[in-house]
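The values are calculated or read from the model by the stated rules, or taken from the named source; none is laboratory data. Note that the structure is a prediction, hence the values are computed from the model and not measured. With ideal geometry, Cβ positions are generated from the backbone for all residues, glycine too; neighbour counts draw on all protein chains shown.
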Amino acid sequence: MRAESGAEWGETELTERERFAIRIEIAIVLTVTFGLSGVSAALSLIDSALTPGGVGGKTIALNASRSTQSLIDLLFQLLGALRLAGWAALGLYLLWRSGIGPRLIGLARIRWRSDVLPGLALAAIIGIPGLGLYLIAHAMGVSVTIVPSSLGEHWWRLPALILSACANAVAEEVLVVAYLLTRLRRLGWTDNSALLASAFLRGSYHLYQGLGGGLGNLVMGLIFGRFWQRTTRLWPLILAHATIDAVAYIGYTLLRGHVSWLP
């Protein structure tokens with residue numbers, strides 16, 4: 001059940017100065033994390049649309065090789081995961097400073113029935129239709145060709161892909177769901193208004209994948225955000241997101257060149 005105690009969440013009456021401080025905090029956090037990513041993704045979509053061949057003629061690699069040297073490439077991949085972990089840590093720290101610890105946002109001990117099973121169910125609910133939406137959007141020419149991994153055949157390739165999936169999941173669910181929804185609630189936003197803001201943010205920074213990717217992630221944001229608002233359990237979202245990404249990354253790596261339906 002969602003925690004409803006205002007005292008437990010530190011929801012005393014805010015002064016105008018405190019409201020202004022929270023707004024500035026949100027703006028700074030989004031500027032250094034997913035907010036600018038959303039603007040960049042929108043520009044990428046516009047650029048793709050104006051390029052000869054349109055959106056459908058562009059290819060995007062999600063986990064690209066950064067160096068021809070295996071060790072240096074591995075270090076680049078680890079730095080990318082560390083950056084995302086730092087983003088998540090920033091959100092958790094700011095919430096903790098305001099009196100909202102990890103337990104209150106649903107990061108207590110993982111439970112099989114409360115976290116793992118719902119996480120797997122969410123992964124199936126989002127992942128399977130999401131793949132279908134991508135294939136349809138790609139066939140219609142409104143989605144770029146997504147290459148989940150272009151890493152070389154190094155011994156560390158699969159562990160790096162799993163780490164990338166986990167880092168993405170933690171950063172997005174902590175910041176876009178737990179942090180943003182909590183902060184907007186503190187400012188007096190309704191659940192529905194905060195949910196829409198969170199979902200549109202998630203959709204915006206996936207626009208580089210085309211309109212299909214943006215729309216699919218907006219829907220994912222609505223489902224994930226509402227789940228958290230009703231349960232205050234964040235682990236299922238992290239597990240679901242990590243599972244979806246890991247299956248996409250590793251599945252593409254294993255199936256590439258062996259099936260005809262994969263772009």
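Kindly establish whether GLY91 is modelled with pLDDT of 95 or more, surrounded by 13 or more Cβ atoms within 10 Å (Cβ to Cβ) and out of contact with any His (no Cβ under 9 Å at 6 or more places or on another chain).
Yes; evaluated as a whole, the condition is true for this residue.
Here TRP112, TRP87 are screened, and the one residue that is aromatic (Phe, Trp, Tyr) and under 17 Å from the mean Cα position of the chain (by Cα) is TRP87. Checking each residue in segment 144-171 for being part of a loop (DSSP other than H, G, I, E, B) and in contact with a helix residue (DSSP H, G or I) (Cβ under 8 Å, 6 or more places away or on another chain) picks out VAL144, PRO148, SER149, LEU151, GLY152, HIS154, TRP156. Looking at ILE100, ILE136, ILE125, just one residue is farther than 30 Å from LEU75 by Cβ and in contact with a Ser or Thr (Cβ under 8 Å, 6 or more places away or on another chain), and that residue is ILE100. If the condition is being in a loop (DSSP other than H, G, I, E, B) and exposed (fewer than 14 other Cβ atoms within 10 Å of the Cβ), then segment 15-53 contributes THR15, THR51, PRO52, GLY53.
Quick grid of which residues meet (1) over 19 Å from CYS166 (Cβ atoms); (2) touching an Asp or Glu at 6+ places or on another chain (Cβ under 6 Å); (3) assigned to a helix (DSSP H, G or I); (4) among the small types (Gly, Ala, Ser):
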{"position": "THR68", "(1), (2), (3), (4)": "yes, no, no, no"}
{"position": "LEU74", "(1), (2), (3), (4)": "no, no, yes, no"}
{"position": "ALA81", "(1), (2), (3), (4)": "no, no, yes, yes"}
{"position": "GLY86", "(1), (2), (3), (4)": "no, no, yes, yes"}
{"position": "GLY91", "(1), (2), (3), (4)": "no, no, yes, yes"}
{"position": "LEU94", "(1), (2), (3), (4)": "yes, no, yes, no"}
{"position": "ALA108", "(1), (2), (3), (4)": "no, no, no, yes"}
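The residues of segment 143-198 that are free of Cβ contacts under 8 Å to residues at least 40 places away in the same chain and of a type in the set (Ser, Thr, Tyr), listed by number, are THR190, SER193, SER198.
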